[in-house]
Amino acid sequence: MDSKVLLRKKQTNNVKNRRKQIGWLFIAPFAIFFTFVYILPIIYSIYISLFQNKLIGGEVFVGLNNYKELMADEKFWDGVKRVFTYTVIQVPVMLILSMILALALDSLRLYGTKFVRIVSFLPYGVPAIVSTLMWGFMLGTKYGLFKSINKALGTNFNPFAPQWTLVSIAVMATWIYAGYNMLIFYSSLKSVSSDLYEAAQIDGANGMKIVWYIKMPALRGSLVVTIIFSIIGSFQLFNEPQILSKMVSNSGITNYYTPNMYVYNLAFTGSQQGYAAALAIVMAVITIVIAYIVQIRGLRDTMNER
Amino acid sequence: MKFENVGSASDQYKAIDNALQAGTGFPDVAQFEYFAMPYFAVANKLADLSLLGAGDYASDYVDAVWNGVHFNNTLYALPLDYGQVVMFYNQDTFEKAGIAEAPTTWDEYYEAAKKIRALGDDYYISNAAGDIFLIMSLIWQAGGQPFSTDGNSVKVDFSDANTQKALSFWQKMIDEDLVTNAIGNWSDDWNRALNDGTLATQIIGGWMTANLPPRAPDASGNFRVAPMPQWNAGENYSAENGGSTLAILEASEKKEAAFKFVEYITHGDGVRPRVDSNATVPNISILESEEFLNLEDEYYGGQQVNQVIADAAANVRTGWQFPPFFEWMRNDWTDVSMPFFTNGEGDIFEVFANWQQNSIDYGNEQGFTVE
């Protein structure tokens, strides 16, 4: 290492500069792509969020007015509160399920692990529209499965009553993503060196101890990743409520049920693109902040561990 | 010529709106529902068709239809199909409930509703109690005129006596649990309920004639078509629900050619195939033709349904106008009506008062002068 540093210091400035230029050339394909696909759209969204679109009068520059209005918009905060509640409950439940599933598959005490692995991952491959339609039929009380269940039990439970709709959506999302997260956990467990298990057995550790002292720490890194993915996914909740609102009446799904639905409806039925852009940006900032906090906390713990 | 189907009505409006904003990729000709046309017209997105000679076709349409393709006294579209409201009723279910004849007034409809409700839990005379187009057609038929537009000033006011009469009636139907909101139009539940006869009537556009058979194949022979029940015995008014127009976008560079296409579809050889495939066209020349009127429809027990359809088209009440931002209003309706129709909070008058206020706020924000 030291010799390398010394070598570099010997080089003349001229060579250094040329090297820098060559370096830029190497990253150019990515940099150009990144600029056009990520940076410019973000800058453009920020730009249009400063305008108000009027049916009469067209675009008017309004400065930060859209943001000011948004802060006082009850519909927006109602949606944010809803996805927040949803995230806080659905994500932990789903990830614990995924983890139990991954640990069970990894324990080698089950038969047909390959089959279970594929079947539990399969829902992730089903398009959201298809899965929502399917769950819509299953949970429907008019003609669906719940009609029979209610009849058999003599109950009158409606999974799509306004107070239960969000729970039903959480069930659908868990069904879709639990297998996906299981696979991430499972791959982490597979990468644990068998030496560790041997050593643990020699030391006389039982199954639970192996889980606690070897497997759980091994899952930590992937846990941070899955939490972040799940939080971002939940905050962007859109497909399921959007489809359900058309499919089931009296479900209580408003146009601003989730922030993403609100953005969509503002931009496309109200022609309020500027306001929608402002909302999207505020939502992105909220999501990034939360994901960042999770990441910092998660990674710090992982660092301490080492 | 290139045809692109970019999805159902409101998806298409979004696609056109986006393409126009981008300045590229928009079509020359587009199909708009009657209530959506003003939205595009007010922002100068549609071409004045009278400049292309469309005014000559006025004599082929009854007043209400012709009125529907005008906005601010300018002709922006030609009618493609129409949604003259009629009543589809399941005669089988009616018989079961002991109703001998189709109700001709709303009072009779109310009495019939009670008998149908008495058949059991799943039986209702109608669904989609919170469907804005259903309620709008009641108001329209009653002679309510809650909207008017003059230049950039728009009126949204549900307080007139006729509108209130229609709302009171509907409130009564909901209060007494005679109509259900648990089944939405276009849902799978809707198909099933129409199919098994538990939904006795549909107060809906004439285009349902072609929509009913595939949705309710088992009910073949059971349904009949009758005029909309009336507010006063002896009257004959209909309303409009659905139907669409063809317009040419102002941004089009080939307006002449585009108009040739519109002419072909709405008046030339393009009309016949549409009639044959069960489109509900509003052309007087079709509606009054013997061939059309005398057609017996097996699905409707051999009834000459077009007699009713044509009569309804001729009697759609005139004077109705949609505001230029109805597309937004219809979206807001979902939110504003939900507390009442879903949770039973408040009443229909409160919902309309809130809706009116929201619409006024939105319209003013959008640069109109709304009262």
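Here are a few things to note about the model shown:
- P(r) tail fraction, segment A:65-305 - alpha-carbon pairs more than 26 Å apart, %: 50 percent
- Neighbour-limited loop hits for chymotrypsin sites (Phe, Trp or Tyr not before Pro), segment A:65-117 (at most 16 other Cβ within 10 Å; DSSP other than H, G, I, E, B): A:TYR111
- Applying 0.36 nm per residue to the separation of B:GLN304 and B:ARG272 and subtracting their alpha-carbon distance, the gain on full extension is 9.7 nm.
- Taken over segment B:35-133, the convex hull of the Cα atoms encloses 147 Å³ per residue.
- Put simply, the amide H of B:THR369, placed in the peptide plane, has neighbours under 5 Å in B:SER153, B:VAL154, leaving out anything fewer than 5 places away on its chain.
- Shown in residue order for segment A:34-49 are the 3J(HN,Hα) couplings computed by the Karplus curve 6.51 cos²θ - 1.76 cosθ + 1.60 at θ = phi - 60°: 4, 4, 6, 8, 10, 5, 4, x, 5, 4, 5, 4, 4, 4, 6, 5 Hz (x for Gly and Pro).
- Ranked list, fewest to most other Cβ atoms within 10 Å of each Cβ, for A:ARG117, A:ARG297: A:ARG297, A:ARG117
- Each residue of segment B:137-150 was assigned a 3J(HN,Hα) from its phi angle through the Karplus expression (A = 6.51, B = -1.76, C = 1.60, θ = phi - 60°), giving 6, 5, 5, 4, 5, 6, x, x, 10, x, 10, 8, 10, 9 Hz with x at Gly and Pro.
- Between segment A:229-259 and segment B:13-71, the C-alpha centres lie 33 angstrom from each other.
- Lysine pairs in segment A:65-305 whose alpha-carbon atoms fall under 28 angstrom of each other, counting only those eight or more residues apart or on distinct chains, come to 12.
- Among B:GLY130, B:GLY301, B:GLY242, residue whose mean-square fluctuation peaks in a GNM of chain B (springs only between Cα atoms under 10 Å): B:GLY301
- Counting Lys and Arg as +1 and Asp and Glu as -1 over every other residue whose Cβ lies under 11 Å from the Cβ of B:LYS260, the net charge comes to -1.
- GNM remark for chain A: springs join alpha carbons under 10 Å apart, and the peak mean-square fluctuation among A:ARG220, A:ARG82, A:ARG19 falls on A:ARG19.
- Set of aspartates and glutamates near B:LYS14 by C-alpha distance (under 19 Å), chain-local residues within fewer than 8 positions excluded: A:GLU59, B:GLU4, B:ASP28, B:GLU33, B:GLU250, B:GLU327, B:ASP332
- Partner shielding of A:245-253 amounts to 6, given as the average count of beta-carbon atoms from other chains within 10 Å of each residue beta-carbon.
- Per-residue ellipticity at 222 nm, computed for the protein assembly as shown from helices alone with -39500 (n - 2.57) per DSSP H run of at least four residues, works out to -18000 deg cm²/dmol.
- In order along segment A:108-119, the Karplus-derived 3J(HN,Hα) couplings, from 6.51 cos²θ - 1.76 cosθ + 1.60 at θ = phi - 60°, round to 6, 9, 9, 8, x, 4, 4, 4, 4, 4, 5, 4 Hz, and Gly and Pro are given as x.
- By other beta-carbon atoms within 10 Å, ranking B:ASP196, B:ASP276, B:ASP28 with the fewest at the front produces B:ASP276, B:ASP196, B:ASP28.
- Restriction of the trypsin sites (Lys or Arg not before Pro) in segment B:1-57 to DSSP coil positions whose beta-carbon has at most 12 other beta-carbons within 10 angstrom yields B:LYS2.
- Largest first, the three principal axis extents of the alpha carbons in the protein assembly as shown are 101, 70, 46 Å in whole numbers.
- Computed about the Cα centre, the dipole magnitude for the protein assembly as shown is approximately 5160 debye when only Lys and Arg (+1) and Asp and Glu (-1) carry charge, each at its Cβ.
- Where both bridge residues fall in the protein assembly as shown, DSSP classifies roughly 85% of the beta bridges as antiparallel.
- GNM remark for chain B: springs join alpha carbons under 10 Å apart, and the peak mean-square fluctuation among B:PRO214, B:PRO27, B:PRO324 falls on B:PRO214.
- Relative to the longest principal axis of the Cα atoms of chain B, the long axis of helix B:348-365 makes an angle of roughly 10 degrees.
- Look at the stretch A:141-147: the mean tally of other chain Cβ atoms within 10 Å of its residues' Cβ atoms is 3.
- Computed E for A:LEU40/B:ASP11 - FRET, C-beta separation, R0 30 angstrom, nearest 0.05: 0.65
- Computed E for A:MET71/A:TYR292 - FRET, C-beta separation, R0 22 angstrom, nearest 0.05: 0.55
- Number of partner chain Cβ atoms within 10 Å, mean per residue of A:54-61: 5
- Among A:ILE169, A:ILE118, sorting on how many other beta-carbon atoms sit within 10 Å of each Cβ, with the fewest leading, yields A:ILE118, A:ILE169.
- Between segment A:71-143 and segment B:192-237, the Cα center-to-center distance that results, in Å: 41 Å
Bear in mind these aren't lab numbers, they're just calculated from the coordinates by the rules spelled out. Note that the coordinates shown come from a computational prediction; the quantities given were computed from them, not determined experimentally. Glycine also receives a Cβ, built like all others from the backbone with ideal geometry; neighbour counts cover every protein chain displayed.
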